[in-house]
Structures are given as structure tokens and as C-alpha cells.
Amino acid sequence: MAIRREYYSSTIKEFLNTENGVILGQLLINDEFATTDLQQNSWHQEISILKNQLSNFEHGDVSLEFTIPRIGRRIDAVCIINGIIFLLEFKVGDKEHKKSTEDQVMDYALDLKYFHEASKDRYIVPISIPTEAPIHSNVPSFADDKIAGVLLCNKNTISNSIQQVLSHVGDKQLSMMDWINSRYSPTPTIIEAAQALYRNHSVEEISRNDAGAKNLTLTTKAISLIIDSCKRDHKKAICFVTGVPGAGKTLAGLNIANQRHQFEADEHAVFLSGNGALVDVLQAALAKDRANREGITVANAKRETEAFIQIIHKFRDEALTTEMPPAEKIAIFDEAQRAWNESSLADFMKRKKCVADFHQSEPEFLISIMDRHQDWAAIICLVGGGQEIHDGEAGIVDWFLALKDKYCDWEIYLSDRMTDAEYIGDSSINTLLNGRRYLIEPSLHLGVSLRSFRSEKLSLFTKTVLDNNPEQAADVYSELKQSYPIVMTRDFNTAKSWVKNKSRGNERYGLLASSEGKRLRGVGIWVPSKINHVGWFLNGKDNVDSSYYLEVAASEFEVQGLEIDYGILAWDADFRYVSGEFDYFRFRGTCWNHINIEQRQKYLKNAYRVLLTRARQGLIIFIPKGGAEDVSRKPEYYDDTYRYLKSIGVEEM
């Protein structure tokens, strides 16, 4: 039997003619949790208020406790009248209108608009109802996407506010059952996705049912079949999953780790990442979510999440203390291209672990750890092209060099895009593997970006811009801007106003900058070497450490693998357009120094690739004007970059 999305639904006429106790009983029967006395009392009052306020409406439908599938949030009441969707959020007993409630009900409206098929072309009216609040004068107004500004009501003014809206707009009829049963296909942030997966939702439930989600589902299935084969036939395999930025590589990895997180089935999986910021944020988000749901302490909840998601260095260092195989049979390595090369790992071991004679790259050492298993094991490497941003990151090549002449009993599975230059440069797979046999599995490539649900061309636009291909970039931009706004400005206050005005509800916005953007300080933008990245991503609008304050810029190191809704990218003179091409600089002491080492140039270019693809819904690029009196911020350091983007057609605010 399918689980109902709503606890109660009927026509308004039937609702008015049904005894309150019968309606309350229906809510209690369908409540999946143990209903508290406080909740029962709230429902009882909401039913009475709604009956009083809907008594003048002859036609329409009402639904109570409609559940948004993605993350389990419930809307107190939904009314569909004259084809208009009204979302009602009650705060029984509250005596004032709170911004948090407005944001909450606006989030519901945005969620339905973006991801619920029957809602996407409809007028949606969010209503905040602190029942005992004073009367507020509402003037209904709609944004371009047909979402109204939040109406502020109390228990006596709901009817009048609905009548006001109906006097201005109407739509074709829509039954509640058709609306409830309509397809819901979200694109969650990686934080929301991790939380949903941890609650035993599937990838299909939390992903869009379009090409991107189908691709993601096929990839997850392909990985599962490889793991099943290893377990059944007592063998070992390593597979390489590729994908464009934001295509869902991390989501696929989290899904596998969650599905296979089973000690009793002898297939315990762990999700490993060298991205400390990503691990910290995901661990904190999962722990907080579980603590809220289960009434346990965050500290206790975090112990379990730390077993599910780990920083790769701790996993690696633990293996130095024993020759035993790890508890995990399945290791998912996120951002495998960022693993350390031999010299960097040897230097680290020498400095931190007193291992004076270490001669393995991180890929080789990690394979050797999993190879300790005698029966079976599987390694899943999630690989992003053009994502190396740290000095000492090996890229993907070192994984193949580690497999070249060793671990011959391991089967190798590659996506059909692994041969692309962005993954292996000018090398060939046959050369890197010394002719060793490998299997091509096309489903191991994720080719559609999920991060920007408004457009799947963001990654292509970013590539053409950074590759200095203005003609193609202009073509992509002309199509991209129809659904995903990218604009620019030379005034920081304008940039801040833009993201604040674009954002509604709790949509997250934040300030982004390259870690080498040292002279942004001249315009009041601080790019510290370390920030409170957990607070930056998870704290609310009232917390000065949150991204919402636009005071501290997050660099490529904090945001890789994560995302926000709207972003300001502050573009400094470290990566500047000069005489028809990009050039590379680092600020040290009192001046900019040219970067001559090709690998360091690659890191800087990739930093901007990461930053340009962090915003899910829109981006504004802030390019300072510089200052003639400041030799470290000469206008010519910035003007050519501005003109280059202008030539592409990027709109200036």
C-alpha cells in the first residue's frame, strides 16, 4: 500500500460538513509518528479556524499535513480555490508575525514551484498565520514565476486575504487529487540529499525524473552490479566514475555508501573524501538532522555519521597502525583526482607521522589498504575533470600508475569518458595501464549537471569562458541567461543587493572568492585562509558566521563539492585577462608575482572553475574597479577581465 502524501483531503464542502473529531481522527491515523498532546491540540484548533474561515467558499478543495517527499517537511494546510494554490502555515498561539515563519512557508512555495509538476505553472500563495497576531494589511503581489509575497494573517483574516487574491487572479480548475498525485521531482542540495538518503530515501525519490536523474540512477545501478559481482564471485574491482561539475558524483557515492552500510551483511561501506570542508559540513548536517528527528544529542548522532562519512586522511592514517584489513569492504573515494602524489604524501608522512621511508602515492597506498581483504573488496573512485586545486594533488593519472604493474587480480572498470584530456591529459589509458585489460562501462559517466536545475549549460559556459573561447561562450550565454541568470557589476553594494533581492525564503546566498584573491581586501572583502565553513553553510540568517552576512568570502577550498542558491563571485587580479588571454598571479608582500609553473596555473584556473559552478540558481560576478593610487590594485589589472566578459555578452547591473 502506497504511503499517502497528505494526512487528510476533501472538498471544502465535505470538510465543512464533517465533524471535527472525524477529521482529527484521520490525521491521527495517518501520522507516522507518535502524536503529542501539543500536536493534537494544534490540529484541533486549526480545524476549527479553517472551518470558520472557509465557510464562504462553495467550491474548492482542502488538504491537511501535505508531505513534501524530498525531505519530509509537512505543510499544515493546502487549499485549492479557483485553480489557485494557497499554502497555510499555522503557528497556534503565536502573537506576532515572525520572519522565520514567513521564510518557512515561502520555502514551501519555492519547493513546489521548482519541483512539483502540477504547481510549476500555477499561482501559489504562501500564508503565514500566527493565530493571535494583530491584523496586518496585505496587498497581494506576484513575482514573475507566479509566487505571491507571503500574506500575513491571523485566525480571523484568512478568508478576507484569500478573497483579495481571488479578486485579482484566477486559473483553470485543478482538483486536489490531481495535484497531490502529480509527479514530484526535486534537485536537492548535496546537504539535503545526504539527509534524505540517511533517512532511507532512494536516489529516485530525491532526484529529478529527467535525463539527469535517469543518468544518476543508471550509474548507481552499474556500481551496485559491480559490487554484487565482487561479493558473489569473491573478487576485487576498482571503478572510475566521471562526470561534469554538479552531475551528482558525490550523491551517487553517498547513495552507495548508505545502501551498503551493513556490517551484518559483510559489505560495510564508507564514503571517504579528502575535502575536509565537505566532510565537516555533511557530518554536522546529518548529525543535527538525526538529533532533531530522534531526540538524541548531536554528539551521539555525530558518532554514527562519522562512521558513514570520513575524512580520507584519517582512514589512511589508521591503516598505518595495523596490517589488518579495514572493516569496510567497499570504499568510495570522492574527488579521487585530488589524491596526493608520492612526493606530497611522503613529505607529509615524514613531517607528521615519522615515517621516514615512504614511497607510495596516496592512490597506491589506498588500493593496498583495500587489497588486504582476502575474499573480496570494491573501490569506487568519483572523478571530476579539472577539479585539482591543491598543490600536490596527483590528478587521476597516479591511480592508473598504481595499477600499471600491481594488483593484477583487480578488475578495472572505466567510464567511456575517462579517455578525455580533462581527466588524463595527453596520455592514453593503454599507456598508463601498460596494456593491462580494462572494461568500459558507459553508465559510469554522469553527463548532466544537477546542481543548476535551471540550466544544464552552466558547466559548458564555465569551460568556454576559462578556455578563452568567447564566441562559443557568447552562444552558450545567450541560451543560459533565459533560465539561469549570470550578471556582473563593478559595485560591491550592487552585488549584495542583487543576491538579497533574488533570494526568497531560506534560499542561501553567499560570497565567493579565490584563495589567492588577496587584494579584495581593498574593497572590504576578506578572504581568510580558514573560515567556519560549517557555520557558513548551515547557520541561519541571524548568525554572523553564516553565508547570509556576506562578510567572509568562502574560497574554492571551502565550497568544492557543496553549493549555495545565489552567489557573488568576487574576481580579483590573480586570474586576469591580459592581451587576449588569461594570465596567472599570486600576491606576496607588496606586489603581484607572475605564476610560471604550469601546474600552479592549472590549480588557479580550476579554482575559478569551482567558484563559477557553485550557485544553483544564479550568479553575479563582482569585478573591482581598482584604484589608481594603489599600485596593488591598478585599474588595468581588472579592466580587461571586465571587457572580456562584456564581449561575451554578460549583462552588467
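Quick rundown of the values:
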read-out: Pairwise Cα inverse-distance average, inverted: Kirkwood Rh of the chain (Å); value: 26.8 Å
read-out: Distance from region 542-565 to region 483-528 (C-alpha centre basis), Å; value: 10 Å
read-out: Longest to shortest principal axis, alpha-carbon extents of region 468-575, angstrom; value: 41, 34, 28
read-out: Restricting region 525-597 to trypsin sites (Lys or Arg not before Pro) in coil, as DSSP defines it, with at most 10 other Cβ within 10 Å; value: Lys530
read-out: Accessible area (Å², per residue) of the chain, counting only protein heavy atoms and a probe of 1.4 Å; value: 41 Å²
read-out: Leu218-Thr322 pseudo-label distance in nm [points 7 Å out on the Cα-to-Cβ vector]; value: 4.1 nm
read-out: 37 °C / 0.692 mPa s Stokes-Einstein diffusion coefficient of region 523-653, Kirkwood radius on C-alpha pairs, µm²/s; value: 205 µm²/s
read-out: Estimated FRET transfer efficiency when R0 is 56 angstrom, pair Trp526-His359 (beta carbons, to 0.05); value: 0.85
read-out: Label-point separation in nm, His44 to Ser175, each point 7 Å along Cα→Cβ; value: 3.5 nm
read-out: Sites Asn506 and Asp405 - FRET efficiency at Förster radius 51 Å, r taken between beta-carbons, to 0.05; value: 0.45
read-out: Cut-off 19 Å, label 7 Å out along Cα→Cβ of Ile296, residues of region 19-45 by amide N; value: 33-34
read-out: Surface share of carbon and sulfur [accessible, 1.4 angstrom probe, percent] for the chain; value: 47 percent
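The values are calculated or read from the model by the stated rules, or taken from the named source; none is laboratory data. Note that the coordinates shown come from a computational prediction; the quantities given were computed from them, not determined experimentally. Methodologically, a virtual Cβ is constructed for each residue, glycine included, from the backbone with ideal geometry; neighbour enumeration extends over all protein chains shown. Each accessible area value is taken on the protein alone, full model and side chains, heavy atoms only, with ligands, DNA and RNA left out. Shrake-Rupley method; radii C 1.70, N 1.55, O 1.52, S 1.80 Å.
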